[in-house]
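The values are calculated or read from the model by the stated rules, or taken from the named source; none is laboratory data. Because the structure is a prediction, the values reported are computed rather than measured. For neighbour counting, all protein chains shown are included, and Cβ atoms are generated from backbone atoms with ideal geometry for every residue, glycine included. All accessible areas refer to the heavy atoms of the entire protein, side chains included, with ligands and DNA or RNA removed. Shrake-Rupley method; radii C 1.70, N 1.55, O 1.52, S 1.80 Å.
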Amino acid sequence: MPDLNPFPIQLALFILLFASLEIALIIKDKHKLAVILACSFTLVFPLMLPKPIDTDSTVRLTIAEQEELVKEHEIFSEWYTDYNKTIDRLDSLWQKYHRITRLVQDDEIQIINASIRMDQINEDSQAINEEIEKLKVPEQLSPEIRMQIQQIITKTQEYSNLQHLIVEKSAHALDSQTSKNKNRELIVRELQSILILNNQPNLDVLPHIANIKDYFSSKKI
């Protein structure tokens with residue numbers, strides 16, 4: 001519905017106000033005068049107020065800005081897809097590590113075989129860790145998103161470094177030269193001690209992903 005022009009309405013109400021005032025003065029009734037003034041003021045005052053200003057702080061984007069935002073979203077989505085693939089590999093390797101240590105603890109694998117499998121995990125861990133160390137922030141993105149991605153990369157590198165350190169120490173503990181004079185119980189205690197002394201924190205990057213999603217959703221197209 002189109003906005004009505006308030007000026008004719010205000011004019012009519014002002015005429016009504018002064019006409020009512022004249023009537024009240026003629027009849028000389030102060031109580032009726034007060035009632036008429038109050039009612040008239042109630043009707044007129046809201047129309048005298050300025051029209052509320054739109055408080056929506058979101059600025060609509062131009063066609064060029066919309067295209068730039070879409071491109072930026074595509075760049076981030078591609079980076080994040082590759083990042084998740086790397087994290088999946090990191091997580092898969094970590095599960096393999098825990099599987100080996102459980103087999104050793106439950107006496108379901110020979111130490112020599114556990115050592116061979118842990119050496120392979122250690123090599124894969126080093127390769128993934130080196131790959132994560134090379135992660136970079138896409139330069140085409142806005143400063144807001146680049147800052148969030150940099151924090152994601154920093155947290156991931158710290159997590160990967162510590163995970164690789166744990167795997168490396170565990171491989172050394174299972175090494176045939178290191179473990180040949182140790183019984184299984186002592187080796188199990190060493191593996192447990194490595195995990196305890198190098199307590200690995202959770203890799204929590206969800207707050208940064210949420211901030212990036214908020215950035216894109218705040219743009220009005």
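Just checking, does the stretch 205-220 include any residue being touching a strand residue (DSSP E or B) at 6+ places or on another chain (Cβ under 9 Å) and loosely packed, with under 12 Cβ neighbours inside 10 Å?
The answer is yes, given that some residue of the stretch 205-220 is touching a strand residue (DSSP E or B) at 6+ places or on another chain (Cβ under 9 Å) and loosely packed, with under 12 Cβ neighbours inside 10 Å.
Take the stretch 166-190 and flag every residue that is more than 19 Å from Gln126 (Cα to Cα) and either among the hydroxyl-bearing types (Ser, Thr, Tyr) or open to solvent by less than 80 Å² (accessible area, probe 1.4 Å) (or both).
Correct list: Ser176, Thr178, Ser179, Lys182, Arg184, Leu186, Ile187, Val188, Glu190.
Name every residue in the stretch 164-191 that is in contact (Cβ under 8 Å) with a residue 60 or more places away in the chain and not β-branched (Val, Ile, Thr), in order of residue number.
Scanning the stretch 164-191 gives Ser170, Leu174, Asp175, Ser176, Ser179, Arg184, Leu191.
Just to be sure before I move on: is Ser77 of a type in the set (Gly, Ala, Ser), within 21 Å of Asn198 (Cα to Cα) and free of Cβ contacts under 8 Å to residues at least 60 places away in the same chain in the structure I sent?
Judged against the criteria, Ser77 is not a match.
Does Glu131 satisfy the criteria of being under 30 Å from Leu69 (Cα atoms), out of contact with any Leu (no Cβ under 7 Å at 6 or more places or on another chain) and open to solvent by 20 Å² or more (accessible area, probe 1.4 Å)?
So Glu131 passes the test.
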